[in-house]
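First up is the structure itself, then whatever we jot down about it.
The values are calculated or read from the model by the stated rules, or taken from the named source; none is laboratory data. If you're wondering where the values come from, they're calculated on a predicted model, not measured in any experiment. Neighbour counts run over all protein chains shown; Cβ positions are idealised from the backbone, glycine included.
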């Protein structure tokens, strides 16, 4: 069954994410855990760059969990998401902030003025659209000269051994099946996956870490210090989404360069790959 694609948006994917954020609105995550997760993405963003005169965008804001930590530092934040259900969750979570504007739009729709933003970020979004390159180019066009852009795209395990890639490939067969099921069934199955796979493996990796072993290639070790809520959310995200693309570090760099970005830097820590790129005045 094909699904309508307009403005680089797959309607079924948008529906899935609306359901995800409506069911897991992130409001119960404690601030310490949220801040730790935030730092995994923003550790390469220039420290002390943001100030009260700046305006920026959160492309694909979802529940607004990252916006909660960015909005207090700047003049205005534009939260953009093609899912109205997700945007309503973000509005609820961010109701205490008066400097946020919400847009129910996709990345390739006309949203903000070109060359108007002092910074932008798009985390875990553009691997779920049909034309990732066009999405990156749209983000580039919104930025002022000499402005940073933070992006996270799923990696293609280019820094992992063959056995790790094989395990992922087997799991992806499950995703292809599960993602096509009705949402209530997907939610139940992905909860079970979180319970019997994510939780045990993450805790075993924690034990290995405490024993002094290198766990960088241990599956799901990134969840070793995260709550079960994070696991069930990400399990649904991973196995419940129909459209998922993956890229090597080199491919991400090439897409950013093609869009016009320069001075590209990658985080060497999980999650892979987070990149910081700059729109420079040429």
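Here are the numbers for this structure:
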{"quantity": "Test for residue 198: is it at pLDDT below 95 and not assigned by TED's automatic domain parsing to the domain that holds residue 107", "calculated": "no"}
{"quantity": "Meets criteria (touching a residue at least 24 places away in the same chain (Cβ under 8 Å) and assigned to a loop (DSSP other than H, G, I, E, B)) for residue 245", "calculated": "yes"}
{"quantity": "Residue within segment 226-233 that is closer than 21 Å to residue 40 by Cβ, surrounded by 19 or more Cβ atoms within 10 Å (Cβ to Cβ), at pLDDT below 95 and in contact with a strand residue (DSSP E or B) (Cβ under 8 Å, 6 or more places away or on another chain) present", "calculated": "no"}
{"quantity": "Check on residue 185, touching a helix residue (DSSP H, G or I) at 6+ places or on another chain (Cβ under 6 Å), without any contact (Cβ under 8 Å) to a residue 12 or more places away in the chain and not assigned by TED's automatic domain parsing to the domain that holds residue 133", "calculated": "no"}
{"quantity": "Residue 26, sole failed condition from (1) surrounded by fewer than 23 Cβ atoms within 10 Å (Cβ to Cβ); (2) touching a residue at least 24 places away in the same chain (Cβ under 8 Å); (3) under 26 Å from residue 140 (Cβ atoms)", "calculated": "(3)"}
{"quantity": "Checking residue 275 against (1) assigned to a helix (DSSP H, G or I); (2) touching a residue at least 60 places away in the same chain (Cβ under 8 Å); (3) closer than 21 Å to residue 44 by Cβ, the condition it does not meet", "calculated": "(1)"}
{"quantity": "Any hit, segment 119-127, residues being more than 29 Å from residue 224 (Cβ to Cβ) and assigned by TED's automatic domain parsing to the domain that holds residue 12", "calculated": "yes"}
{"quantity": "Condition check for residue 29: under 19 Å from the mean Cα position of the chain (by Cα), more than 25 Å from residue 132 (Cβ to Cβ) and in a loop (DSSP other than H, G, I, E, B)", "calculated": "yes"}
{"quantity": "Residue within segment 142-159 that is surrounded by fewer than 22 Cβ atoms within 10 Å (Cβ to Cβ), farther than 26 Å from residue 18 by Cα and touching a helix residue (DSSP H, G or I) at 6+ places or on another chain (Cβ under 7 Å) present", "calculated": "yes"}
{"quantity": "Residues (within 18 Å of the chain's Cα centre (by Cα) and surrounded by fewer than 19 Cβ atoms within 10 Å (Cβ to Cβ)) located in segment 46-87", "calculated": "69, 84, 85"}
{"quantity": "Any hit, segment 252-263, residues being under 18 Å from the mean Cα position of the chain (by Cα), in a strand (DSSP E or B) and under 30 Å from residue 146 (Cβ atoms)", "calculated": "no"}
{"quantity": "Flag for residue 179 being within 23 Å of residue 269 (Cα to Cα) and outside the structural domain of residue 31 (by TED's automatic domain parsing)", "calculated": "no"}
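Residue by residue, here is whether (1) modelled with pLDDT of 95 or more; (2) in contact with a helix residue (DSSP H, G or I) (Cβ under 6 Å, 6 or more places away or on another chain) holds:
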{"position": "12", "(1), (2)": "no, no"}
{"position": "24", "(1), (2)": "no, yes"}
{"position": "33", "(1), (2)": "no, no"}
{"position": "44", "(1), (2)": "yes, no"}
{"position": "54", "(1), (2)": "yes, no"}
{"position": "62", "(1), (2)": "no, yes"}
{"position": "74", "(1), (2)": "yes, no"}
{"position": "77", "(1), (2)": "yes, yes"}
{"position": "85", "(1), (2)": "no, yes"}
